[in-house]
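Here's the structure, in structure tokens; my notes come after.
The values are calculated or read from the model by the stated rules, or taken from the named source; none is laboratory data. None of the values given here were measured: they were computed from a predicted structure. Please note: Cβ atoms are built from the backbone with ideal geometry, for glycine as well, and neighbour counts cover all protein chains shown. Side chains are part of the model used for accessible areas, which takes the heavy atoms of the whole protein and leaves out ligands, DNA and RNA. Shrake-Rupley method; radii C 1.70, N 1.55, O 1.52, S 1.80 Å.
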Amino acid sequence: MIRTTCPYCGVGCGVIATPDGRGGATIKGDPDHPANRGRLCVKGTALGETIATAGRLTTPRIDGAEASWGTALDLIARRFSETIAEHGPDAVAFYVSGQLLTEDYYVANKLMKGFIGSANIDTNSRLCMASSVAGHRRAFGSDTVPGQYADLEEADLVVLVGSNLAWCHPVLFQRIMAAKATRPGLKIVVIDPRRTATCEGADLHLSLAPGADAHLFNLLLAHLPETGRIDPAFLRHLSGLPEALVAARTSTPAATDLEPADLDAFLRLWAETEKVVTVYSQGINQSETGTDKVNAILNCHLATGRIGRPGMGPFSVTGQPNAMGGREVGGLANMLACHLEIENPDHRAAVADFWAAPRIAEKPGLKAVDMFRAVEEGRVKALWVMHSNPAVTMPEADRVARAIAGCDFTVVSDLWAETDTARRAHVLLPATGWGEKSGTVTNSERCISRQRPFLAPPGQARPDWWALAQVAKRMGFSGFDWESPADIFAEYCALSGVAGGLGSDFDISGLEAADYDALPPTYWPQAAQKGGRFFGTGQFHTPDGKARMIPVTARLPDPVTPAHPYRLNTGRIRDQWHTMTRTGQSPRLAAHLGEPFLEIHPDDAAQLGFATADLAEVTNAHGRALLRVMISDRVAPSHPFAPMHWTGETAPSGRVDALVTATTDPVSGQPASKSAAVAIRRFEVRWHGFAITRSDLRPGCEYWAKAPIPGGWRAELAGTTPPEDWALWAENLLRLGPATLQVSDPSRGLYRFAFFEGDRLCAAIFIAPGPVALSRSHLVTQLGSTARSILAGQPEAARPDPGPTVCACLNVGMNTILRAIADQGLASVEAIGRALGAGTNCGSCRPELATLLSRFSSREAAQ
Ligand SMILES: Nc1nc2c(c(=O)[nH]1)N[C@H]1C(S)=C(S)[C@@H](COP(=O)(O)OP(=O)(O)OC[C@H]3O[C@@H](n4cnc5c(=O)[nH]c(N)nc54)[C@H](O)[C@@H]3O)O[C@H]1N2
Ligand SMILES: Nc1nc2c(c(=O)[nH]1)N[C@H]1C(S)=C(S)[C@@H](COP(=O)(O)OP(=O)(O)OC[C@H]3O[C@@H](n4cnc5c(=O)[nH]c(N)nc54)[C@H](O)[C@@H]3O)O[C@H]1N2
Ligand code: SF4
Ligand SMILES: [Mo]
């Protein structure tokens, strides 16, 4: 039994893993971890299904051929050294990740900023937290998150703005819902153009115009003095309030598109409620005015002194498991370690001295978007990508993929050789993954937790810190001789002591001598464990010690154009993690939403001539995506939504970042990932298909998307040109010889083939001229079965179709739930749980159960 930390979101839940000795493990929530107290969401619960090592990258590869570690490391060191000698240190770059462990991050940062002498190390946190970091630094003088999770439970009002907490930080959401259940006076407001699952628990949902958040919080700031809510005692800790108010008063309600009554209700509630926490995430950060949006929020908390006290404060929830650790360790191109600043000569000198660094970086390096531009233009000639998949997740992703492919020398460290990024690299390094590697991560509330190994790494996989240190040594640098992550952590703690001496709040030097292996979840500052928060006493990290109110002149995104009249919102779904390289292996997680989709308002759908399950072609100057149409009034007209998760491996035409424009916030450099202007039309196909098969497949047709199912794969297919011979086509696709059973009706364009091995079904494929209207939830259970009725495509009458999966833990489908609501008169989420088990394990689907209940009762009312 090993205590470790979940590798997914920034909630940072403690996990207890019990290895089974055969490479697997059972996973439970750690009841003693302060972040989750035993809870896990569905992704955490399914961790045991994503640790199999089949198909992993197990040896280094050079240009596709297996190589020894020695050869690969020598080559990397030589190519980086040669490039630096010939073109200077800024001709090389590292692109790293908020999913790296702190120790990995520390080594990458030390090598680049202290020894190579460039700050060209940036991280996917640029796409994620950069605007929060910049906003914090502008207001507080440091990138410090003031509050703790307990504040969300102690608040009387929780405002969730640009955050789909129910799906993206599910355990935190459950903690809030549990607090609300015991204390119904706790009010929840969700501010999101989309009606998300998070809205299910909310008292008020403000569906504001995309990008109008700074206007909204400006209106709030302007409202505060009118109602006497400016805190006179806190005023002496602030500078710039008058200027901020002048700017705030330029915002008008019209910009928000909100109903006046809803807007008033929000302003009143926020002003009247002292204990208010404003939680924000990517709807705020990922914007061309993200930093201003952050400061507009911070301004309201500062003006009211509602910060750093129990139950109140602004709260930027971090996305990745170590997004916060990366900020502490200085992973961004414009920071040094331990909250020290690259532009500050004293800070630089102290770090250089501590590292005995020959060449400390003197100026900030390239931020993510600029870094890949520099790669494209050949200014960066050697690139090392670690623990990220930028060919999928960067804006203008096609361009980024081409830049990576065209780079003189690219190294990728990953678990897999087949990611969109790894496929374009010269050198691949096999990294150890979660469960195999050892280190620390820091969650959204500044709690440092250990990730501990409990599985043997496959083949020659090695930790990322080790590969970096080896390359550093081979480049002739000293100071990289650690034996273990514990050594690195101790050095990092010591450096933080130096930083503390320079006034940094990030000083964990007290942990230098701690027993690393036994390190329990530990908050910083150390006092925080006893309820310590930042800024409650009004002491900030600016030169005059005062918080800076920032005047925010709110600006809406550039209007869409007649050629590209829709604004594409993008983000996450409940059961997948980013580019799905881990979650995408679990049939259970794929059952929730198994295909890239475009959620679009019924009015838009009518105008575009869409029927449910048609394919949409979404285009702009940067790229194109084909997405399955999901008609829903949860999105506003003209503001469709598409998830970010599909890749060249899982649905090559479903990569939405091909469409995202690389417009960035001028302060933070964070891209606006939620507001691409696009054109949408119906993608006219002549045939649609659905396949289930035991072995992996890579169909060549114009549209396909695949997902794992128990014992194999499912795939959705579509194309504009039908093959001449469907039987031959199916044989070639599935590589199984002639079909055992087939039904064809050429006049109606219907073809169905089933392939048996002995009496067991090993594949089946269904072709139709329109979207294949067969029960997926039935078909995906049929691999390995002996049922010869498979080509009927429907369950027998005695076994009703469960419908699409809602509860992934207990595998309960939507039809089953709706039938039970109707037949048994179930009236609450709890009653559904008692009757069917749905929602009783991890609870991630409870908001969707609530939606089904309300849908059912509104249908009843209408009848
Ligand atoms: N299931 C799952 N959970 C995850 C992840 C995952 O991949 N899958 N990734 C993790 C990571 S790295 C991150 S950063 C977090 C992200 O967590 P979130 O930020 O909660 O997730 P997103 O879906 O990116 O976006 C949040 C919401 O912003 C809304 N939005 C778009 N534009 C605007 C706007 O102009 N204003 C406002 N107010 N809202 C807007 C979108 O409609 C969306 O519902 O999730 C983490 N958790
Ligand atoms: N359109 C749009 N785009 C977005 C966003 C959005 O909301 N909309 N969100 C952005 C945000 S907030 C984020 S955080 C990014 C995330 O984007 P990425 O970081 O690019 O996505 P991941 O899929 O998490 O990539 C992680 C990679 O690391 C590999 N890996 C796993 N474990 C290890 C390990 O231990 N070591 C190493 N070396 N590799 C490992 C995985 O196989 C995978 O290839 O996407 C951004 N892109
Ligand atoms: S909420 Fe879910 S994904 Fe996030 S850390 Fe906890 S178990 Fe992992
Ligand atoms: Mo993120």
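Descriptive notes on the structure:
- Test: residue in the range 758-768 that is closer than 30 Å to residue 725 by Cβ and basic (Lys, Arg): yes
- Per the listing 216, 208, 241, the residue uniquely of a type in the set (A, V, I, L, M, F, W, C) and within 23 Å of residue 546 (Cβ to Cβ) is 241.
- Complete set of residues in the range 640-656 that are under 24 Å from residue 207 (Cα atoms) and either in a helix (DSSP H, G or I) or among the basic types (Lys, Arg) (or both): 656
- Whichever residue in the range 75-126 is among the aliphatic types (A, V, I, L, M) and within 16 Å of ligand 4 (Cβ to nearest atom) and, among such residues, is nearest to residue 450 (Cα to Cα): 100
- Breaking point among (1) within 23 Å of residue 210 (Cα to Cα); (2) open to solvent by 20 Å² or more (accessible area, probe 1.4 Å); (3) of a type in the set (Ser, Thr, Tyr), for residue 650: (1)
Yes or no, residue by residue, for (1) surrounded by fewer than 22 Cβ atoms within 10 Å (Cβ to Cβ); (2) farther than 21 Å from residue 564 by Cβ:
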position: 633; (1), (2): yes, yes
position: 657; (1), (2): no, no
position: 663; (1), (2): yes, no
position: 707; (1), (2): no, yes
position: 711; (1), (2): yes, yes
position: 718; (1), (2): no, yes
position: 722; (1), (2): yes, yes
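- Each residue in the range 182-206 was checked for being farther than 25 Å from residue 304 by Cα and within 23 Å of the chain's Cα centre (by Cα), and 9 pass.
- Residue within the range 274-285 that is within 29 Å of the chain's Cα centre (by Cα), more than 16 Å from ligand 3 (Cβ to nearest atom) and of a type in the set (Ser, Thr, Tyr) present: yes
- Taking the numbered list (1) at negative phi; (2) open to solvent by 40 Å² or more (accessible area, probe 1.4 Å) in turn, residue 643 passes all entries but (2).
- Meets criteria (modelled with pLDDT of 95 or more, away from ligand 2 (no atom under 16 Å from the Cβ) and open to solvent by 10 Å² or more (accessible area, probe 1.4 Å)) for residue 349: yes
- Only one entry in 392, 412, 375 is open to solvent by less than 10 Å² (accessible area, probe 1.4 Å), outside any helix (DSSP H, G or I) and touching a residue at least 12 places away in the same chain (Cβ under 8 Å), namely 412.
- Verdict on residue 244 being assigned to a helix (DSSP H, G or I), of a type in the set (A, V, I, L, M, F, W, C) and in contact with a helix residue (DSSP H, G or I) (Cβ under 6 Å, 6 or more places away or on another chain): yes
For (1) within 21 Å of the chain's Cα centre (by Cα); (2) within 16 Å of ligand 3 (Cβ to nearest atom); (3) more than 17 Å from residue 413 (Cβ to Cβ), each residue gets a yes or a no:
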{"site": "67", "(1), (2), (3)": "no, no, no"}
{"site": "79", "(1), (2), (3)": "no, no, no"}
{"site": "85", "(1), (2), (3)": "no, no, yes"}
{"site": "93", "(1), (2), (3)": "no, no, no"}
{"site": "104", "(1), (2), (3)": "yes, no, no"}
{"site": "108", "(1), (2), (3)": "no, no, no"}
{"site": "121", "(1), (2), (3)": "yes, no, no"}
{"site": "126", "(1), (2), (3)": "yes, no, yes"}
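- Residue, farthest from ligand 1 (Cβ to nearest atom), within the range 18-68, restricted to residues that are more than 18 Å from residue 574 (Cβ to Cβ) and surrounded by 23 or more Cβ atoms within 10 Å (Cβ to Cβ): 60
- Selection count where residues are assigned to a helix (DSSP H, G or I) and within 15 Å of ligand 3 (Cβ to nearest atom), scope the range 585-613: 2
- From the list 273, 278, the lone residue that is in contact with a strand residue (DSSP E or B) (Cβ under 8 Å, 6 or more places away or on another chain), over 29 Å from residue 580 (Cα atoms), within 14 Å of ligand 1 (Cβ to nearest atom) and of a type in the set (Val, Ile, Thr) is 278.
- Any chance residue 676 is in contact with an Asp or Glu (Cβ under 6 Å, 6 or more places away or on another chain), in the same structural domain as residue 579 (by TED's automatic domain parsing), modelled with pLDDT of 95 or more and open to solvent by less than 10 Å² (accessible area, probe 1.4 Å): no
- Among the residues listed as 767, 821, the single one being assigned to a strand (DSSP E or B) and either at pLDDT below 90 or of a type in the set (Val, Ile, Thr) (or both): 767
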